[in-house]
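Bear in mind these aren't lab numbers, they're just calculated from the coordinates by the rules spelled out. The model shown is predicted, which means the values in this text are computed figures rather than measured ones. Ideal geometry is used to build each Cβ from the backbone, glycine not excepted, and the neighbour counts take in all protein chains shown.
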Amino acid sequence: MATFLRRRRESLQPEDVGLPRGRRRRTGGLRREEVAALCHMSADYYARIERARGPQPSEQMIASIAQGLHLSLDERDHLFRLAGHRPPARGTTGEHIGPGLLRVLDRLDDTCRGPRATRSCSC
């Protein structure tokens with residue numbers, strides 16, 4: 001699981017998840033701290049999971065990681081299996097949001113604060 005998480009983190013760019021790039025980046029992908037914030041967990045806890053030094057994450061934490069890393073349903077299911085959990089059933093009423101829709105939602109902030117934003121924007 002640690003290798004899967006590390007590779008996925010390294011493959012994502014800040015722009016992919018709605019974060020600013022910043023000037024000085026030593027890493028090609030996302031920082032662990034950025035992923036932890038996206039997953040709504042502490043950076044220390046995420047780092048321990050990625051380094052395979054922490055406790056086995058719960059199903060709720062795995063779901064949060066899948067959402068934060070913008071995993072597809074197949075990738076999410078793979079992550080659940082790697083963590084030793086049964087993947088959630090796929091249905092029409094699931095709570096999983098696909099990575100494409102997450103990218104659109106992440107970029108909505110840019111439309112309200114970009115160079116063409118108007119004062120009448122209610123965002």
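Our coupling estimate for segment 45-56, obtained by passing each phi through the Karplus curve with A = 6.51, B = -1.76, C = 1.60 and θ = phi - 60°, is 5, 4, 4, 5, 5, 5, 8, 6, 10, x, x, 5 Hz, Gly and Pro reported as x. Once the Cα-Cα distance is subtracted from the 0.36 nm per residue extended length, the residue 52 to residue 19 segment shows a gain of 9.3 nm.
Let me make sure I get this right: for segment 35-84, a, b and c are the square roots of the gyration tensor eigenvalues over alpha carbons, sorted descending. Under 1.5 in a/c it's rounded, otherwise prolate if a/b > b/c, else oblate. Which is it?
Verdict is oblate for segment 35-84.
Couplings for segment 11-23, taken from phi via the Karplus curve 6.51 cos²θ - 1.76 cosθ + 1.60 with θ = phi - 60°, read 7, 8, 9, x, 5, 5, 10, x, 9, x, 5, x, 7 Hz in order; Gly and Pro are left as x. Neighbour counts of other Cβ atoms within 10 Å put 74, 106 in the fewest-to-most order 74, 106. Each listed q (0.11, 0.24 Å⁻¹) maps to a log10 I(q)/I(0) for segment 2-100, found by the Debye formula over equal Cα scatterers with no solvent: -0.31, -1.40. Taking 0.36 nm per residue of separation and subtracting the current Cα-Cα distance, fully stretching the chain between residue 106 and residue 42 would add 20.9 nm. Per-residue Karplus couplings for segment 63-69, computed as 6.51 cos²θ - 1.76 cosθ + 1.60 with θ equal to phi - 60°, are listed in order as 4, 5, 5, 4, 5, x, 8 Hz, Gly and Pro entered as x.
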